[in-house]
Every structure is written in structure tokens, then in C-alpha cells.
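The values are calculated or read from the model by the stated rules, or taken from the named source; none is laboratory data. This one's a predicted model, so the numbers in the text were calculated from it and none came from an experiment. Reconstructed Cβ throughout: ideal geometry from the backbone, glycine too, with neighbour counts over all protein chains shown. The area values use the complete protein model at the heavy-atom level, side chains included, leaving out ligands, DNA and RNA. Shrake-Rupley method; radii C 1.70, N 1.55, O 1.52, S 1.80 Å.
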Amino acid sequence: PDAFLYEFDGSEVGPHGDLARLKFRPAPKFEPPSRETIIYRGMEGTVVVEPRDLRLVRIEAALVEDVTLGWGLLARLNKGGRITMEQSLLPDGEWQTTSMTLDFIGKAFLFKTIRIKQKQSISEFRPVPANPSLAEGIALLKKQDTAVAEKK
């Protein structure tokens, strides 16, 4: 939360009540504690949160400036890269990431072009028995493969 400055941007209706929408932009005095968080320096967008559980429901963000690692010698992610992510409250009360899209272009070691393009969607969560053995887990997966094949 220290990486950004936030501004209330309204609310929207979610499946379990009202959600709060916030715009965010980089906090000028933020000092990234790790390489993974350096990207926050150039990112802005919108985040939607479930205020009761204080859970992230959706984030849509873009790089509004190039982000470099090691003065650009090690890596550079170009302005315009995007990330979207959604989380959902499952019937068992757990929050899980259900959708994520990454789309970034940059350079590594000055010359090598890197492209991060990933789309992931997870659905149809189902409970499994508590503490299944390895054999039971394999049987569940095989049964699931059959059910998915028959569904298609």
C-alpha cells in the first residue's frame, strides 16, 4: 500500500455487496524493498476492493513510464505494459485469483528483447476431501480429466 497514492473513484455492485473503486498512482517517495517491487514506480491504474474483508477484487494497471533495473543495464520494461487481475470469493469463504493477464515488452542486458505475455483463467473450483493420500489425489485428477473430456 505504501507504493501508491490512492483516490476514491466511486463504488460498484459486486456479487456480495458494494465494492470500493480507487484510482492509484506511484507514490513519489516510495523506495522499493525488492527487485520485484521496482515496477510499482511506473504503474498506475484502478483497484477495486471488497471493503468488508479488505480484499482485492480487481486491479487494472499500466506502466506509464519505463521501469529499469540496474540503470537499464540489467532490464527495462517499456511504458505501456499492462496487468489485470481478478480475485473471487469462493463458496468455502476463501479468496482465490481467478483471472490474470500480463502484457509487457522490454529489454534484458541492453540487447535481448523480452516479452511477457500471459493469460490465466481459473474456474469451476470444487472441494476435495481433507488430507487425501497420493493415490486418492491421482484418482481425483483422473476422474476430473474424464469429466472435462466428456463436457467438451
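Remarks
- Within segment 39-57, the only residue that satisfies the criterion of being closer than 25 Å to LEU69 by Cα and out of contact with any strand residue (DSSP E or B) (no Cβ under 6 Å at 6 or more places or on another chain) is TYR40.
- 2 or more residues open to solvent by less than 70 Å² (accessible area, probe 1.4 Å) and small (Gly, Ala, Ser): qualifying strands (runs of 3 or more DSSP E) within segment 5-84: 17-26, 55-63
- In this entry, ASP2 is excluded by the filter for residues that are more than 20 Å from LEU102 (Cβ to Cβ), touching a Leu at 6+ places or on another chain (Cβ under 7 Å) and either charged (D, E, K, R) or assigned to a strand (DSSP E or B) (or both).
- Across segment 123-152, the qualifying residues are those that are modelled with pLDDT of 85 or more and of a type outside the set (Gly, Ala, Ser), and the one among them that is least open to solvent (accessible area, probe 1.4 Å) is PRO132.
- Residue under evaluation LYS117, criteria (1) touching a strand residue (DSSP E or B) at 6+ places or on another chain (Cβ under 7 Å); (2) open to solvent by 80 Å² or more (accessible area, probe 1.4 Å); (3) closer than 23 Å to PRO15 by Cα, criterion not met: (3)
- Inspection of segment 94-117 finds no residue satisfying the criterion of being assigned to a loop (DSSP other than H, G, I, E, B), at pLDDT below 90, β-branched (Val, Ile, Thr) and over 14 Å from the mean Cα position of the chain (by Cα).
- So PHE111, is it over 25 Å from ARG25 (Cβ atoms), open to solvent by 70 Å² or more (accessible area, probe 1.4 Å) and in contact with a Leu (Cβ under 7 Å, 6 or more places away or on another chain): no
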